[in-house]
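J.: The following block contains the structure, expressed as structure tokens.
Bear in mind that the values in this text are calculations on the coordinates, not laboratory data. Predicted model only: the values in this text are computed from it and were never measured. Every residue, glycine among them, receives a Cβ derived from its backbone with ideal geometry; neighbour counts consider all protein chains shown.
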Amino acid sequence: MATRESVEQLIQECEDALRFANDQCTISSTQQHYNDNEHVQALQQLEAAYNDLAKLAQSANGQQREQLHRMRLQLQQMQNQMILLGR
């Protein structure tokens with residue numbers, strides 16, 4: 001069973017990844033050029049967070065699964081936005 005602390009910690013890591021990715025999107029759109037290394041790093045962080053959420057959801061209760069699912073949707077949305085912006 002997933003502990004409350006493990007869920008909260010992972011949610012915080014996901015929020016950090018989302019913030020970093022959002023910053024990269026903002027930088028890319030305002031400067032009209034792309035820092036490929038940081039863009040790729042942001043995408044990798046999002047993917048890692050997504051995979052961690054999927055793993056933790058397997059041992060989560062119903063309420064935790066719902067919380068994790070909502071975060072996974074946010075991660076997917078940011079991944080899609082970055083892919084469309086970056087290429």
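J.: Extension gain Gln41-Gln63, at 0.36 nm per residue separation less the Cα-Cα distance, in nm?
T.: Gain on extension, Gln41 to Gln63, equals 4.8 nm.
J.: Moving on to the next point. Note down the magnitude of the dipole of segment 1-49 about its Cα centre, charges +1 on Lys and Arg C-beta and -1 on Asp and Glu C-beta and zero elsewhere, to the nearest 20 debye.
T.: Dipole magnitude for segment 1-49 comes out near 100 debye.
J.: Here is a follow-up. So which residue, out of Gln44, Gln77, Gln31, gets the largest mean-square fluctuation from a GNM of the chain using Cα contacts under 10 Å as springs?
T.: Gln31
J.: Pick out, from Leu10, Ala48, Leu84, the residue whose Cα sits farthest towards the positive end of the charge dipole of the chain, with +1 on the Cβ of Lys and Arg and -1 on the Cβ of Asp and Glu.
T.: Positive-most Cα among the choices belongs to Leu84.
J.: Under a point-charge model restricted to the Cβ atoms of Lys and Arg (+1) and Asp and Glu (-1), what is the dipole moment magnitude of the chain relative to its Cα centre, in debye to the nearest 20?
T.: 320 debye
J.: Arrange Thr30, Thr3 by Cβ neighbour counts within 10 Å, fewest through most, would you?
T.: Lowest count first: Thr30, Thr3.
J.: Follow-up question, since we're still on this one. Find the Rg to Rh ratio for the chain, where Rh is the Kirkwood radius over alpha-carbon pairs and Rg uses the same atoms.
T.: Value, to two decimals: 1.05.
J.: Next question, about the same structure. Taking the chain as the reference, fit the longest principal axis to its C-alpha atoms, fit the long axis of helix 4-31 to the helix C-alpha atoms, and give the angle between the two in degrees, 0 to 90, nearest 10.
T.: Helix 4-31 and the main axis of the chain meet at about 10 degrees.
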